[in-house]
Every structure is written in structure tokens, then in C-alpha cells.
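To start, the structure itself, in C-alpha cells.
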Protein chains: 2
Amino acid sequence: MDALTQYLEQNQERFLENLKACLRIPSVSAQPAHKADVRACAEHVAAHLKSIGMPHTEVVDTAGHPVVYAEWLGAPGAPTALLYGHYDVQPPDPLDLWKTPPFEPTLRDGKLFARGACDDKGQVYMHFSAVEAHLQVNGKLPINLKMVIEGEEEVGSGNLATFLKAWKDRLAADVIMVSDTSMLGPDQPSLCYALRGLMYTEVEVTGPTRDLHSGEFGGAVMNPANALATIIHRLKDADGRVTVPGFYDKVRELTELQRTAMRELPFDEAGFIRESGAPMGVGEKGYSTIERITSRPTLDVNGIWGGYIGDGAKTVLPSVATAKISMRLVPDQNPDELFESYAAHVKSLAPAGCTVVVRNHHGGMPFISDPSDPMMQAAYRALERSWTKKPALIREGGSIPVMATFQSVFGKPSILMGFGLHDDQVHAPNEKFSLSSFHGGTRSCAYLYEELARG
Amino acid sequence: MDALTQYLEQNQERFLENLKACLRIPSVSAQPAHKADVRACAEHVAAHLKSIGMPHTEVVDTAGHPVVYAEWLGAPGAPTALLYGHYDVQPPDPLDLWKTPPFEPTLRDGKLFARGACDDKGQVYMHFSAVEAHLQVNGKLPINLKMVIEGEEEVGSGNLATFLKAWKDRLAADVIMVSDTSMLGPDQPSLCYALRGLMYTEVEVTGPTRDLHSGEFGGAVMNPANALATIIHRLKDADGRVTVPGFYDKVRELTELQRTAMRELPFDEAGFIRESGAPMGVGEKGYSTIERITSRPTLDVNGIWGGYIGDGAKTVLPSVATAKISMRLVPDQNPDELFESYAAHVKSLAPAGCTVVVRNHHGGMPFISDPSDPMMQAAYRALERSWTKKPALIREGGSIPVMATFQSVFGKPSILMGFGLHDDQVHAPNEKFSLSSFHGGTRSCAYLYEELARG
């Protein structure tokens, strides 16, 4: 065993404690009440980076939550990698479903439970640990390294593009590295080359201008909750396809070769559906589960509310009903292009007797890259070394909107090397990160820097 | 002007103060937190009845909220009337839409604003004032009077049938009187001969057993909020008819004569829709607005919720989505007979990949009576005397489930003589009762007792 690998093994417990300290800070970017916590988390991350030997670290203000920037440029002639990650987390709701509190990281059965354990604090701290190991063992990194750890990923990275453009020269790099994706299974290292995009909207339907007595008025005016149900129902057809005109125009259809490659992946479809807790898999006609979640767009209600939702019964005919509705997009769909068509379609689906407002919350471009790029090949080798197993080349269903921004601003290849598992419950109660992922991922990151240096 | 009418005029201000004292008690029967307030209101009503000269008054415990019972039997040979009303009120939510607090009764522009001002405390206190006037002016009432003022009308009168059956002999009467309905307009006295019934349900749809990340799983499993929307959409067809099998089997279709009579009522359709604040009237094809709200069944979502409903965006695929869905029924539909068929239908409408639970909250039979009955004719005369205008014979869209219970337990005619207005916002924020209704109604009640005595 080489000294680097040995150091990584001997310090696993401490690496975990470092991560737990960060997980205790409730950096919920979506909720204004946590604004100060988000900043405190940025300061904490910056202090940690300085403590492991990255003195050129700073907390950079934006119009929203701050960015943590760090750099180590002591490897002249070697490639420069830009690590992107995020320290903000999703809201922990519904709180009552957490077995242990979301911001009190707790170890159970080799898994660390906390909001952000996997998405993305756990995966960012793998890199921090890998950096520490190189600096401690070798006194230096094999590559030049820049880090951008942002605080708005979970709310659409609204201010990151401005930051990237303003800092473009300083951030110049040969490759972008991101660890915010998943593995096909606990022992199946996976290299991701495509992500879905996102269009997140809110649809508000108003019927009467005030809540009415359902006995007095029921039957004579449009109920906005019934109308909203009709709109949502009509947004998909019987085959599970989204009915927005032009929605599929720019979708890259899978080739037969791609479909075959996907079929051959060690993807446990039955296990995946079982993990979801759904009674069965259901989706767009003509596609397999793995195709549906990685390569096909879809539409989901993320939240819906209206009328009386308290105890007991209230015979009210509500004035307003609202739904948060988002669409996952695939290459080359563009949320900015699609929104107008979507909004007009939603309005056209509404029954008579109500008014509809459609808001665009945030969006993100889908992403696709070339698995044969030398940088991707370096990542492939790093994973194979770390896990002693051939990595799977995968596409993912989630969105990292900033990947498209990196692509357009820097025009450099991006490595998506993540270690989440499908049962990590990211964005849900009881989010966790497996220690096997955390430590295997840390080793993979340490090897990745070496492999990138080898070119 | 006779002495009775004069007394009523001279004491209007005090009658109003009596009502306001009762409106200050938040007797919200649906909310467990208000249990003690509901009882306090019963005690308050009983104390008031004793103070106006009805010493035989008591608060009777039930399995739920108490009933106030009172009687005055000093008119041997005269008919006996049983007054039914309720002292409980609807929840005041949403609180932020009230211009003045719901339990601080406030006069503005000749209208008294408070939760329960019209439904039904205001209308119960008309009778209390009329009783006081007779006892003060004449030392007696022209009829024997029994009163049942209950505390569970707004939650389905779950324990009243048991009370009525247990007290059947003591409650024996020649006629039932209820003031909990409306007038066609501020100067149009109205006598109601039919009410709609109610079936109030809750539909809970579960997809995955836990909240999921919509990127990771979106497209591969059924979203319960989307599924709930499909169910709700399919519960009505394109003509606005409810799709539950057998739903219309027992509906008494309107005869041409009845439709003509309804057309000739002084009902301001445009004004009614304007008051609702809806952009236009919408409902079952082939029926007018007044037919839709009085003589046709309908289905409304009263509340819907699921997923993330907080600030900002959360890309969650929810585990559960729920809706409160109620149906207004018309003679001779029976909610007990229809529920099984409804529940089976709801389940059959659900898309694959989710499970559905249908709960029956409470129901009420529709009601219809004979306008030519001598007791109804007495009420007609009382209204005509009080308002110096011919009363309209109307049907109402709301439900007073206990009317059917009175009909089956006592087999006696019922007088529905109410003074609400369509803009009273019962069950909604800013509920009010017009002083013209309160005082004109009080006079009508005082005359009603006289006309009933005349036979």
C-alpha cells in the first residue's frame, strides 16, 4: 500500500468528524430564516480549507448566498482542475419523518444520517480529505487545484453564472470536477456523462375572489382546485408524455447503440423500484426504467395546496389553488425556450371560469459530455484503481444546472464522479451517506488528481 | 303599531348587544383546541335563555359537544313548535383575510361582522329576541315552544340523532322551526322548502412510501399528486356531471312546472355570480344557475395538499397527496347508499402505481317539504306581515342534515324561514349579518308564533 492510500485509511475517523462538523450547520438556502446559517457554513468551509493547507481561500459575496473560493497553484506544468461543489442543502421538511434530527449527524449501520450527508457536503468533504492527504504525505498536490463551493445550488444557482463570468480568468482550468452524482450500486463505481435539466414552475389558479360556502355556490362557479386538477391531468397524455407543444422537438432520441449499452449496465431495476417504495414502475410508454430516469424528460407535481387543509371538514369552495410543477429536461431541451410555450399551454388547459398565473421559479440546462475525452479517461482509471472494478458509464436523472454554465463559459471537459446511492434519500427525510461511499470516494478523488497529472 | 312590534323596535340595540356577547365566544366545533369554548358558548346561551324568561333551560351533554334545551309550555291548547338552531361555528381560517378579527363583532355600514353572525348565532338570537318580546309584552307566548340549540351542526351533527331519539317524547311538537337559510335579496322574504344533502370525503393517494428526489426517480414511478389530479379530473365529465356510477339514479328531475316557477323567482343571476367574485357562471350543462345551486347535485374539492408547500422550490416527488372532496346531494340521493359506489369509483379512476384510501367524513340527507302545508302557510303570512311583501318559495343549496332526521324521527312539517343574504360570506372570512335581516327576521319570528297559534 502506498503512503497516500495508507494516510487515507488511517485518518478515516477524523475525516468523518470534519464532515459532521459541517453537517451540523443548517445551511438551507431556500429558507430566508436560515440566511445567517448559510453564511456561517461558508465561513466554516473556508476555515477548514485553510486548516488543511489551502491558505488562498476566501468567502466571496454575491447578490445571494456567498461562494467559497480556494486555490493551490504549486504544480507548474501540471494540469489545472476546477472543483465545483455546494455547501447549501435542501429544506429538511417534513421534520417529523426524520428518525434522528436532520442537523445532528448520526452514524447507524455504517451510514451517516443528516441533511446534506450525501448532497453535497459529504461529497465535497471527500475532496477536502483527498487534498489534505496529498499535502500531508507529499507536501504538494499532483495538479493545480481551484475550488468553487457555492451556496445556492439547491435554489437554482441564481448568482453563480455572474460569479463565473466575472472570475472567468482567475478560474481558468483544463477540466471541471464535480462529485454530486451517484453510483449504480454500493460496489459499482460510476462515471456520469449526462444530466437532466430542469424547469421549475408554479401554477396558481383563482376561481372566485374569496372563499365561498360550497352549499351556497357549489355547482354554479368553477372551483379552482378542480380546475388545477384538470390542468395537471392534461399536462400528460395516456402514454405518459408531456403535452406541451414542441416539448419533444429538441429531445435527442436514444440510438439503438445507446439503448443497448444502457441495457447492459448493471442496473438493478427491480431493486431501484423497491427502494423507491412505489408499488410498481410507471412511466413513459416504450421506455425502460433506466431510460425514463436518465434520458427522457418528465413532469412532476412537487407540491400542491388550496382550500381547507386542517382538522375535520370545512365546506368551503376555495378561492385559490396552487401547484409547484417541475419538468426534468434532457439534451437539447432549453428551459428558457420552453417556458413560454408551457405557460401558454397551461392556460389553454384551464377550464372556463378561472384565471391562471404561471411563474417560472428557476431552470437549468441539461448536460451531456464525451466519455472518450482524455480527462474522462483519467477519471475512469482513478475509479478502477480505487474500487478494483470497471466503472459504469452512466447518465443521471438529476440536474446540476451549473454544468451547462461551465460548458458555455469555459468550454472545457467536465468530470462527474459521484458516490451517492439510490437509497440515500437526498431531498427527503433521513438523507444518508454510506461510509463505503465516503471513504471509497475520498480515495477515488486522491487518485483522480494523480491520474489527471498523468494526462 | 301594536305593543309587540313597538317593543321589538325599541329594544333593537340591546338585542344586538346580546348577539355580540355570544359572537365573542369562539365556538369552533371542528377544532379540538376550541372544545372548552364550545361548552362555554352552550352555557352562555342557556344563561341568556333563563335571563329572558325561560327558566326550564338546561345544557345537555352528548358524546360530543353539548346541546342547549329549553322549553316554555304555558299555552295549553295552542300548537307546540320545536325551534332548532346551532351555536357552533365554522373555523375562521384563513385568518389574515379578515378585516376585523372573527371573534370581535364589529358594525360597519349597517352590517355586523363576525364568525357566526349569520350562520347561525344571529338567526338563533332573532328567535331569542322574539321570545323575550312576547314574554315582556304579553307575559306569555302564543304557542308552546321547545328549543334544541346544538353545537355540532358545522361538523355533521354526529350526536344529534341519538339525542333526538332519546328525547323523542319530550321533544314532541306539531311543527319544527329553523332559521338557518337565506333570502333571495335584502328586501325579498323567502320561505325555503328544500335543501341539498352532503357527502364529505377525504381521498388519500400514496405513491412511493417516502418522499423522493424528483431527478433521481422522476419519470419512473407514479407521482401521487399527479394521480390525485387525474382522479379529481375524472370525477366530473365534460358536461359537469359527476361520473360516479348510479349517482343520478335517485335524483328527482325538475318538472317543467318547477322550472318555470324557478325562472319566475326574483333571483338576480348576474348579481349572484358577481357576489361570488368568479369571472363567470360555470356548471352542469342544461341547467340555469339557480337550478344548479338548489336542485342539482355537484362535487367540489374543499381542500388539497401534498409535497412541498413552503417558500421557494424543492424538487421532491411526494409520497402522499390528499384532498377533501364533498358532494352536494339532492332529493332523493342518500349519502349512505352512495358512499361505497363513490369510493370504488375513486379507486377505479386512479392511475396504476399508487394506492388510494377513501374516507367518509360525514354526510347529510337532502330535504324537501310541502309548501302547501298549513304550518308553511302560517310562516308565509308571518313573512308577508313583517316585510309587507309576498315571500318567495325557494330551494337552497346548502345542507342542514338534521332536517331529514327531524322528518324521519318526528314526521312533522318543518318551516325553514331564514334571513341570510348571498353576500354574507358564511364559511368564509368577513362573515356578516345585515341589521335589516336581524331586525326584520326578529319581527318575522315574533309574528310566526302568532300565526302558528291562529292555525
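The values are calculated or read from the model by the stated rules, or taken from the named source; none is laboratory data. As the structure is a computational prediction, the values presented were derived from the model and not from experiment. Every residue, glycine among them, receives a Cβ derived from its backbone with ideal geometry; neighbour counts consider all protein chains shown.
What are the pairs with Cβ atoms under 7 angstrom where one residue, in region B:108-121, is not assigned by TED's automatic domain parsing to the domain that holds B:Glu13 and the other, located anywhere, is at pLDDT 95 or above? Sequence gap at least six, or different chains. As it stands, the answer is none, since no pair meets every condition given. Against the criterion of being within 24 Å of the chain's Cα centre (by Cα) and within 11 Å of chain B (Cβ to nearest Cβ), A:Val251 does not qualify.
Of all residues in region B:26-40, those satisfying the criterion of being away from chain A (no Cβ under 14 Å), in a helix (DSSP H, G or I) and either in contact with a helix residue (DSSP H, G or I) (Cβ under 7 Å, 6 or more places away or on another chain) or of a type in the set (D, E, K, R) (or both) are B:Asp37, B:Arg39. Checking the structure you have, find out if any residue of region B:222-237 is among the β-branched types (Val, Ile, Thr) and either surrounded by fewer than 20 Cβ atoms within 10 Å (Cβ to Cβ) or more than 7 Å from every other protein chain (Cβ to nearest Cβ) (or both). Checked region B:222-237: at least one residue is among the β-branched types (Val, Ile, Thr) and either surrounded by fewer than 20 Cβ atoms within 10 Å (Cβ to Cβ) or more than 7 Å from every other protein chain (Cβ to nearest Cβ) (or both). Sub-6 Å Cβ pairs linking a first residue in region A:309-331 that is within 7 Å of another protein chain (Cβ to nearest Cβ) to a second residue that is surrounded by fewer than 24 Cβ atoms within 10 Å (Cβ to Cβ) and part of a strand (DSSP E or B), at least 6 apart or interchain, are A:Ile309/B:Gly303; A:Ile309/B:Trp305; A:Ala313/B:His361; A:Lys324/A:Glu202; A:Lys324/A:Gly303, ordered by first then second residue.
Screening A:Pro142 with (1) closer than 30 Å to A:Lys324 by Cα; (2) in the same structural domain as A:Ala446 (by TED's automatic domain parsing); (3) of a type outside the set (Phe, Trp, Tyr); (4) more than 23 Å from the chain's Cα centre (by Cα) gives one miss only, at (1). Return yes or no: is A:Val282 of a type outside the set (D, E, K, R), over 22 Å from the mean Cα position of the chain (by Cα), buried (at least 16 other Cβ atoms within 10 Å of the Cβ) and modelled with pLDDT of 95 or more? It is true that A:Val282 is of a type outside the set (D, E, K, R), over 22 Å from the mean Cα position of the chain (by Cα), buried (at least 16 other Cβ atoms within 10 Å of the Cβ) and modelled with pLDDT of 95 or more.
Within region A:246-265, the set of residues being over 19 Å from A:Ser190 (Cβ atoms) and without any contact (Cβ under 8 Å) to a residue 12 or more places away in the chain comprises A:Asp249, A:Glu253, A:Thr255, A:Glu256, A:Leu257.
So, in region B:276-317, how many residues would count as being part of a strand (DSSP E or B) and under 30 Å from B:Gly215 (Cβ atoms)? Working first, answer last.
Step one: filter region B:276-317 for residues part of a strand (DSSP E or B), giving B:298-307, B:316-317.
Cutting the leftovers down to under 30 Å from B:Gly215 (Cβ atoms) gives us B:301, B:303-307, B:316-317.
Number satisfying all stated conditions: 8.
Among the residues making up region A:318-346, those that are under 26 Å from the mean Cα position of the chain (by Cα), assigned to a strand (DSSP E or B) and either surrounded by fewer than 23 Cβ atoms within 10 Å (Cβ to Cβ) or of a type in the set (S, T, N, Q) (or both) are A:Thr322, A:Ser326.
Which strands (runs of 3 or more DSSP E) sit wholly inside region A:96-211 and have at least 1 residues that are surrounded by 24 or more Cβ atoms within 10 Å (Cβ to Cβ) and acidic (Asp, Glu)? Ranges flagged: A:144-150.
Scanning region A:184-193 for residues that are at pLDDT 95 or above and of a type in the set (A, V, I, L, M) gives a single hit, A:Leu191.
Among residues that are in contact with a Pro (Cβ under 7 Å, 6 or more places away or on another chain), crowded, with 20+ Cβ neighbours inside 10 Å and not assigned by TED's automatic domain parsing to the domain that holds A:Pro189, A:Lys314 is included.
Based on what the data block shows, is B:Val244 in a loop (DSSP other than H, G, I, E, B), surrounded by 16 or more Cβ atoms within 10 Å (Cβ to Cβ) and in contact with a helix residue (DSSP H, G or I) (Cβ under 7 Å, 6 or more places away or on another chain)? It is true that B:Val244 is in a loop (DSSP other than H, G, I, E, B), surrounded by 16 or more Cβ atoms within 10 Å (Cβ to Cβ) and in contact with a helix residue (DSSP H, G or I) (Cβ under 7 Å, 6 or more places away or on another chain). Among the residues making up region B:347-356, a single one is assigned to a helix (DSSP H, G or I) and within 13 Å of chain A (Cβ to nearest Cβ): B:Leu349.
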